[in-house]
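No lab work stands behind these numbers, since they all come straight from the coordinates. Model, not experiment: these values are computed from the prediction. Using ideal geometry, Cβ is built from the backbone for each residue, glycine included, and neighbour counts are taken over all protein chains shown.
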Amino acid sequence: MKRMRCAGLLRDQLLPIRHPSARMFPPHHIRRTPHFTATTTTTTTTNPRPLSTSTRNRNSATTTAPAPVETSNPNPPATTSPEPPQPSSSPPPPQTAPTTLPPCRSPTTSAKLAALHARLSLHPKFPVQTLARALIHPSADPNPLFNNRSLTTLGSALINYYATEWLLCTYPRLPAEVLRAALSAYVGAKALASMGREWGVESAFEPRADVDAGLLQFKRLPPGPEVEASGYKWWQEKGERWTNGVPEEEATASFVTSTFAGVYLHEGVGPVKQFFRQHVLSRKLDIDKLFNFVQPTRELSSLCSREGFEPPIARHISETGRRSIAPVFVVGVYSGLEKIGEGHGGSMNEARIRAAVNALKGWYLYSPAPQVDLPSKTDDDPHAPFRPAVIDVGEVIV
Amino acid sequence: MPVSALQAVSKSRNGVGAFILQCKRMEFNFCDWAGSSKGMRHDRSFLKHSLPQFAKENPQIEIIVAPRPNKIPIIRGVYINGREKVIAVDGLEIQQILQKAQLLRDSSGAKLKRITKPVISLNESVRGMFSPFHGEKHVI
């Protein structure tokens, strides 16, 4: 009796399960909404340009945005009216196009994009369409009318200029190598990518026609061993290796750079300088930690002879525990009667070298006490009062 | 050998220049049937009366409203640092739910930890470490 009951229970449980080969209905995911199936077939089989199917959204973007970057027109007959093309007047879309797209695909209805716009405190003059375009890396859509390549070019020129002029005016005696390192620390790809992450930009897994407009779209590198950095030859444009895919860092950096370009185009010169100050120059960088001296004592003596100072002399200032396990010596470097640097160390020699480094940093990190005017101050008004920066003779050649 | 340089990356100081709100997404989940979702739903509905105002005040946050049938209502905050925080709001009134939403909005997303030092700074101390070799000599 008991056995029978168990068998009955088992039979009941087994009833709804069928063998896969005897399945009467197709799997449920095939019978979902039509746009889903259309999209999958599109992107996997026939469509050469994954994002080019979203013509409707592009049309609305080109017409609503007053941006100069958006003026070029991919489909002249369709873009004349702000409304989506009527099925009666325009030819039916090709078979490969997805029939419907999720509303978040359009920049104007994407919640992520609106949130990103508000999070960056962008002016309403900055349209979300430009922000959406800044999120499309050329590896996702090679058409230059729809990717952020032109914006990136403009933006990188802007931020490199503003960073260079600020560094040169604030630290006029910075050696060239250190200046370059400071530039890359402020506006290099790594810094820009971390800025993009701190802006809360999310990446799409794959560039597709139905991806949310607020996601960063780029083609990911295939898994495998790390690709060497020089994936392209010196005569190639940077974009020519994008066929393989790019690391996320590069795509995020391109979005951040393009955002600067968008602020410049839509809001103007003043706002982009303010945006740069707020997002780049507000970051923390210890420039004195970037120096790597090889022969500081030699460098200091050639500096003194070049500048006509008296030759540097290291003098012992104080010490403790000379015969203990942890001695400390304090040494000062003097040029004549003036102490130009001081250092401490576990041995006399270490303290002397530290003192020389201290003196050299004091020279190289000179900063004019009242901040001088940046050259870009005259961008808006050519007759603005302008106090020029100090121009130094350059670093010491040892 | 002239001076060479070390590579570094500048660190962000949120709020020194621009301020980025750390909460980037909030999900409001509720059940249509269960009584614990009453404050969220229809009669004393948070979703109907408070949420539109909340969303308007905080445009930086992407807001998602989704059903979560047969479970207690929750608010989930997703943060820029990649973490998320969830608060269960079962049986709460409309005002209490709003307070929980504000709590999630103002959070940084970091794990809660006890702060014992009065100052946390990226900068070195201005005064520096004590040095017995400087200042006035102490005479015994």
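Quick notes on this structure:
- A crude spin-label estimate for the pair A:Asp381 and A:Asn143, with each label 7 Å from Cα along the Cβ direction, gives 4.5 nm.
- Kirkwood Rh in Å, taken over segment B:23-106 so that all alpha-carbon pairs contribute: 12.5
- Cα centroid of segment A:375-398 to Cα centroid of segment A:281-355, whole Å: 31
- The residue list B:Cys23, B:Pro59, B:Ser45 was ranked by how far each Cα lies along the charge dipole of segment B:1-71 toward its positive end, using unit charges on Cβ atoms, and B:Ser45 comes out on top.
- Order of B:His49, A:His383 under a 10 Å beta carbon neighbour criterion, fewest first: A:His383, B:His49
- Take every pair of alpha-carbon atoms less than 8 Å apart whose residues are at least six positions apart; their mean separation over the length of chain B yields a relative contact order of 27 percent.
- Taking every residue in A:169-176 and counting other chain Cβ atoms within 10 Å of its Cβ, the average works out to 1.
- Whether segment B:1-40 is rounded, prolate or oblate, judged on the alpha carbon gyration tensor where a/c under 1.5 counts as rounded: prolate
- For chain B, size of Cβ-based charge dipole, Lys and Arg +1, Asp and Glu -1, in debye: 220
- Cα gyration tensor shape for segment A:296-366, rounded if a/c is under 1.5, else prolate or oblate: prolate
- Looking at segment A:283-343, the trypsin sites (Lys or Arg not before Pro) that sit in a DSSP loop and have at most 11 other Cβ atoms within 10 Å of their own Cβ are A:Arg322, A:Arg323.
- Cα gyration tensor shape of segment A:335-398, rounded if a/c is under 1.5, else prolate or oblate by comparing a/b with b/c: prolate
- Nonlocal Lys pairs with alpha-carbon distance under 19 Å, segment B:23-106 (8 or more apart, or different chains): 12
- The charge dipole of segment A:296-366, taken about the Cα centre with unit charges on the Cβ atoms of Lys, Arg (+1) and Asp, Glu (-1), comes to about 200 debye, rounded to the nearest 20.
- Average beta carbon contacts from partner chains per residue of A:138-149, 10 Å cutoff: 0
- The ranking of A:Thr320, A:Thr153, B:Thr116 by Cβ neighbour count inside 10 Å, starting from the fewest, reads B:Thr116, A:Thr320, A:Thr153.
- For segment B:23-106, a crude dipole built from +1 on the beta carbon of Lys and Arg and -1 on the beta carbon of Asp and Glu, taken about the Cα centre, is about 120 debye to the nearest 20.
- Normalising the average separation of contacting C-alpha pairs (under 8 angstrom, six or more residues apart) by the number of residues puts the relative contact order of segment A:296-366 at 26 percent.
- Multiplying each eigenvalue of the alpha-carbon gyration tensor of chain B by 5 and taking the square root yields semi-axes of 48, 19, 13 Å, largest first, rounded to whole angstroms.
- Dipole of segment A:296-366, positive direction: furthest Cα of A:Ile325, A:Leu365, A:Leu300, with charges on the beta-carbon: A:Ile325
- When you filter the trypsin sites (Lys or Arg not before Pro) in segment B:69-101 for DSSP loop state and at most 16 other Cβ atoms inside 10 Å of their Cβ, you are left with B:Lys71, B:Arg83.
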